[in-house]
Amino acid sequence: MNAVTNTTAAKRRVLPGFGLTMGCSVLYLSLVVLLPLSALLFNSTGLSWAKFWDVATDARVLASYRVSLSTAAAAAFVDAILGLLLAWVLVRYEFPGKRIFDALIDLPFALPTAVAGVSLTALYAPNGWIGSWLEPLGLKVAFTPLGITLALMFIGIPFVVRTVQPVLEDLDRDAEEASATLGAGRLRTFRKVILPELIPPLLTGFALALARGIGEFGSVVFISGNMPMRTEIAPLLIMSKLEQYDYAGATAVALLLLLISFLLLLVINTLQRWARKTSR
Amino acid sequence: MAGTVPLYVPRPQKNVSSPAATESAAVKWILITAAGLVLFWLIALPLIVVLTEALKKGWDVYLAALTDPDARSALRLTLLVAVITVPLNTLFGVSAAWAVTKFRFRGKGFLITLIDLPFAVSPVIGGLIFVLVFGAHGWFGPWLSAHDIKIVFALPGIILATLFVTFPFVARELIPLMEDQGTQEEEAAITLGARGWQVFFRVTLPNIKWGLLYGIILCNARAMGEFGAVSVVSGHIRGETNTLPLHVEILYNEYQFSASFAVASLLLLLALVTMIMKSWLSRKNVH
């Protein structure tokens, strides 16, 4: 017993550089992230509780949260379904062009959001490639919540695919064979054997896409039309309050948005721990 | 880990003996076709639109948009910001990953959460906080203006906002990788008499080089492409504080669509190079 504690204590000291790397990391973290973020909490703009409450319950602010949350949730939900399909095809089948298929999944992650924004707007504007087809059908996409949802679907799809993919790969195929041997059809095996295993990564992917969608700015501002009460997202409202030099108002909206993001981060961490536990 | 996708290494699938545990060929091809259509509609189409819109009015307009003085100064600024921010965040990433993975200490999980923080924060907030600290009405605003130092609406602000947004990329990529590799090889090197830096350069670095490179590439793509955070602190001064993504926006809002998409195509190129490097790196990792 004594020998064990000795070796673990020694282990800690064998490698050099703890003080240096820890010190540098914490200093840099404080300067670049923590101190600036604390400006929101201990704000310099003289934001009082009364003012905070006024801004936070303002109809236009509430509407922007509603738009942000509902479009991000809708986009993450559709992404979860489409992402499952993409991940399934990538893991289970061989087909020509698979490598390009796989590489394309990462495009939304690597593409600057402003480029995605102008490109999607060009597609779905009333005179755009897809927009001009939908217009006669009475379906408006650009400058409506539907357009915001589409932009967020583009941004969020890699999160779902890349969280589901590794779990699907590690899945024990013997269980599927056993299920087939016991007389279950393929669809039933999928529903009863495979899908339950995929629920944790699907939920994680959903939450990741949702978190990204709520804060997303670049890909949305072009396609949303930015109409107050209807298609104005919360990050944009922060921006326009800043442009009007309403620093206290911008801080208040940002604080609420930050709170939502932190809650989601907490949920994601819990989901990932759960996913790790169930996969063992 | 909200905000990043780890370097994904495909693993070979076991051959399944029983046909009962696979789908029929028809179902298989229906699913592949459906997935292909989704991928084309959702991801490939926006990519094609950028290229066609950029070349819609011919090569002359395209080249004119790229050689325009404002576009060139935007490109210079974007490169400058990346050249400053990426090395800083790389150094931090390596140092943080070393501290977190090679030692045991209390509060490790908390530290990792703090490193992840910028991923969870909206980029607009990433810009706002620097306005609150350094802006005219911010904490250091009066002092800065008294000493005639400009941070917000100038290069330092853009660099700070970009640092914040791209902060976790390298660390996030290295931490799981170095966690897996453990500390045995480094300990052996120390026992054999190697010095700290020797251990890092001869033992650790060769083990993590591909993951490190991937983190740097992602960090760079985001640093060059960041829009929201930079938009808040830039002030949009043409020829001065305009980065490439902001230039795309300005041209677009002025209805110069072809020029806007021409500049956007440069950024698309950056994304494509990033993607290709990633797929090359993930194959490297398999071997």
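The values are calculated or read from the model by the stated rules, or taken from the named source; none is laboratory data. Owing to the predicted nature of the structure, the values given are computational and were not obtained by experimental measurement. We place every Cβ from the backbone using ideal geometry, glycine too, and count neighbours over all the protein chains shown. Note: accessible area is taken over every heavy atom of the protein model, side chains too, but ligands, DNA and RNA are not part of it. Shrake-Rupley method; radii C 1.70, N 1.55, O 1.52, S 1.80 Å.
Between B:165, B:199, B:232, the Gaussian network model of chain B with springs among Cα atoms under 10 angstrom shows the greatest mean-square fluctuation at B:199. Largest GNM mean-square fluctuation among A:182, A:236, A:82, using chain A with Cα springs under 10 Å: A:182. Normalised per residue, the accessible area of the protein assembly as shown is 44 Å², obtained with a 1.4 Å probe and no contribution from ligands, DNA or RNA.
Taking 0.36 nm per residue of sequence separation and subtracting the Cα-Cα distance, how much length would be gained by fully extending the chain between residue B:41 and residue B:140, in nm to one decimal? Let's see the in-between values first.
Values: separation 99, 0.36 × 99 = 35.64 nm, distance 4.83 nm.
Extra length from residue B:41 to residue B:140 when fully extended: 30.8 nm.
How fast does the stretch A:92-226 diffuse by Stokes-Einstein, in µm²/s, taking the Kirkwood radius from C-alpha pairs at 4 °C and 1.567 mPa s? Result for D is 75 µm²/s.
Ignoring everything except DSSP H segments at least 4 long, calculate the 222 nm mean residue ellipticity for chain A; use -39,500 (n - 2.57) per segment, divide by total residues, nearest 500. Before the final figure, lay out the partial values.
Working: 16 runs with 211 residues, N = 280.
One gets -24000 deg cm²/dmol as the mean residue ellipticity at 222 nm.
Label-to-label distance for residue B:27 and residue B:150 is 6.5 nm, based on points extended 7 Å past Cα in the beta-carbon direction.
How far is the Cα center of the stretch B:28-52 from the Cα center of the stretch A:234-279, in Å? Distance between centres, Cα-based: 31 Å.
Would you please calculate the Kirkwood hydrodynamic radius of the stretch B:95-157 over all C-alpha pairs and express it in Å, rounded to one decimal?
Numbers: mean 1/r = 0.0710 Å⁻¹.
This gives a value of 14.1 Å.
Normalised by 2.2 N^0.38 Å, where N is the number of residues, the alpha-carbon radius of gyration of the protein assembly as shown equals 1.00.
List, in the order given, every pair from A:277/B:108; A:98/B:284; A:98/B:108; A:98/B:56; A:241/B:150; B:102/B:278 whose Cα-Cα distance in the structure shown is over 28 Å. Walk me through the numbers on the way to the answer.
Values: A:277/B:108 20 Å; A:98/B:284 18 Å; A:98/B:108 39 Å; A:98/B:56 31 Å; A:241/B:150 22 Å; B:102/B:278 26 Å.
A:98/B:108; A:98/B:56, as the Cα separations exceed 28 Å there.
Would chain B count as rounded, prolate or oblate if I go by the C-alpha gyration tensor, calling it rounded below 1.5 in a/c and otherwise prolate when a/b exceeds b/c, oblate otherwise? Verdict is oblate for chain B. Round to a whole number: what % of the accessible area of the stretch A:49-279 belongs to carbon and sulfur, probe 1.4 Å? The nonpolar share, carbon plus sulfur, comes to 66 percent. Among B:72, B:238, B:195, the residue with the largest mean-square fluctuation in a Gaussian network model of chain B, with springs joining Cα atoms closer than 10 Å, is B:195.
Taken over the stretch A:95-155, the ratio of Cα radius of gyration to 2.2 N^0.38 Å equals 1.30. Look at the stretch A:85-91: the mean tally of other chain Cβ atoms within 10 Å of its residues' Cβ atoms is 5. Counting protein heavy atoms only, the stretch B:27-153 has 72 percent of its accessible area on carbon and sulfur, 1.4 angstrom probe.
When the accessible areas of A alone and B alone are added and the area of the pair subtracted, with a 1.4 Å probe, the result is around 9300 Å², both sides summed. Summarised in one figure, the compactness ratio Rg/Rh of chain A, Cα atoms and Kirkwood Rh, is 1.07. Kindly identify the stretch B:28-150 as rounded, prolate or oblate by the Cα gyration tensor criterion: order the square roots of the eigenvalues as a ≥ b ≥ c, call it rounded if a/c is under 1.5, otherwise compare a/b with b/c, prolate if a/b is larger, else oblate. Because a/c hits 1.5 or more and a/b fails to exceed b/c, the stretch B:28-150 counts as oblate. Put the Cα centre of the stretch A:98-140 next to the Cα centre of the stretch B:91-131 and the gap is 33 Å. Modelled label positions at residue B:79 and residue A:60, each set 7 Å beyond Cα in the direction of Cβ, lie 4.2 nm from each other.
Take the alpha carbon atoms of the stretch B:146-287, find their radius of gyration, then divide it by 2.2 N^0.38 Å using N residues; give the quotient. It would help to have the intermediate numbers written out before the result.
Numbers: Rg = 20.4 Å, N = 142, 2.2 N^0.38 = 14.5 Å.
Rg over 2.2 N^0.38 Å, computed on Cα atoms: 1.41.
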